[in-house]
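Scroll down for the structure; my scribbles are underneath it.
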Amino acid sequence: MNRILITLIFFFCLTAVSAQKNEYKYLGLRVGLSHNYNFMGNKDNENLLLRTNVGDMSKITTGKNYVPGAYIDLNYHMDTKSDKYGLVIGLEFQNNGFSFKYVSENQLYKLTDNYRVQSIGLPLYYKFGGRNIYINQQYFYAGVQYNFYLVTQNIQHSNWANSNYVHSLKNNEVQNSGAALIFGFNSFIYNFQVEFWPVNYINPGYMETSGQFSFKPYSHLSKFNYFVKTGVAFPLNRWLTTKSWRAERVRRILNFGGV
């Protein structure tokens, strides 16, 4: 279903942009931080206990933890002759995640539960704005991104263990890939993006068996997720030197792109 949706959106955008001659075609670099605070919270899972150094204890969810991440991507822009809208395709690497805090009923034992993922994404979005979106680099955009999950880990930090517990999730514990909806705004070199993942990369339906007892260790996690991204973005051509005399002087010293 995700692949079909992405294919339909791709051909729709490609058809719209192909209706006009592309005047500006260029590579762009974007790098920055991702942010997750998990406002949606999670449900209780009575089958999960705090495994402390003095035995298993019931846990209480005490809060949502802010989790930072990072990303870098390379995008190919195709702006129309009218310079009011265009199509962008690209390649992105990102490392992000979400987290929860727990405490034992006697308030003595605390644990932070992190779920991190490293992925390669293929973004495709349609950008639009006023006049001269290439020169001003000011536009809104919306589209989709298909992510392939490379490494997914559960990292637990507690106040009773000397080191973190790290578990690499595999097989049916995680999704292999998934689509995301992206919405953003770019102004000069500053970029802001909201990314909604309708299907979480952790599989809440995963079943684990211990002896004769079976349970779902991730059933308490949200079925979806979101990330906010803030960063800088700029064309990899002479655009930047036209905005800064200092950058132009460096370009001339290096003789990059000719005189």
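FYI, it's all coordinate maths here, none of it is from the lab. Just so it is clear, the structure is predicted and the values come from calculations on it, not from any experiment. Cβ atoms come from the backbone with ideal geometry, glycine included; neighbour counts cover every protein chain shown.
Under the Karplus relation 6.51 cos²θ - 1.76 cosθ + 1.60, θ = phi - 60°, what is the ordered set of whole-Hz ³J(HN,Hα) values for the range 181-198, x standing for Gly and Pro?
Computed from phi, the couplings for the range 181-198 are 9, 10, 9, x, 9, 10, 9, 6, 9, 9, 10, 10, 9, 10, 10, 10, 9, x Hz.
Quote the FRET efficiency, to the nearest 0.05, computed for Tyr76 versus His167 with a Förster distance R0 of 45 Å and r equal to the Cβ-Cβ distance. The partial results should precede the final answer.
Numbers: r = 38 Å, r/R0 = 0.83.
Computed FRET efficiency for Tyr76 and His167: 0.75.
Provide the gained length on full extension for the span Val194 to Tyr26, in nm with one decimal, where the gain is 0.36 nm per separating residue minus the Cα-Cα distance. Spell out each step's value before the answer.
Numbers: separation 168, 0.36 × 168 = 60.48 nm, distance 2.37 nm.
Separation in residues times 0.36 nm, less the Cα-Cα distance, equals 58.1 nm.
Please state the shape class of the range 86-241: rounded when a/c is under 1.5, otherwise prolate if a/b exceeds b/c and oblate if not, all from the C-alpha gyration tensor.
Details: a/c = 2.97, a/b = 2.18, b/c = 1.36.
In terms of gyration-tensor shape, prolate.
I'd like the Karplus ³J(HN,Hα) series for the range 69-79: coefficients 6.51, -1.76, 1.60, θ = phi - 60°, whole numbers in Hz, and an x wherever there's a Gly or Pro.
x, 8, 8, 8, 9, 10, 10, 10, 9, 10, 8
How far is it, in nm, from the label point at Ser210 to the one at Asn237 when both lie 7 Å from their Cα along the line to the Cβ?
Result for the modelled spin labels: 5.9 nm.
How do His220, His77 line up, fewest other C-beta atoms within 10 Å first? Provide the component values of the computation, followed by the final result.
Working: His220 17, His77 20.
Ascending Cβ contact count within 10 Å gives the list His220, His77.
Which entries of Lys84/Lys229; Lys84/Lys127; Lys25/Lys127; Lys101/Lys170; Lys127/Lys223; Lys81/Lys127 have Cα-Cα distances beyond 18 Å here? Can you show the working numbers first?
Values: Lys84/Lys229 24 Å; Lys84/Lys127 8 Å; Lys25/Lys127 14 Å; Lys101/Lys170 23 Å; Lys127/Lys223 29 Å; Lys81/Lys127 14 Å.
Beyond 18 Å: Lys84/Lys229; Lys101/Lys170; Lys127/Lys223.
What does the highest-first list of 112-119, 231-238 look like by mean Cβ count within 10 Å?
Numbers: 112-119: 20.1, 231-238: 16.0.
For the peptides 112-119, 231-238, the packing ranking is 112-119, 231-238.
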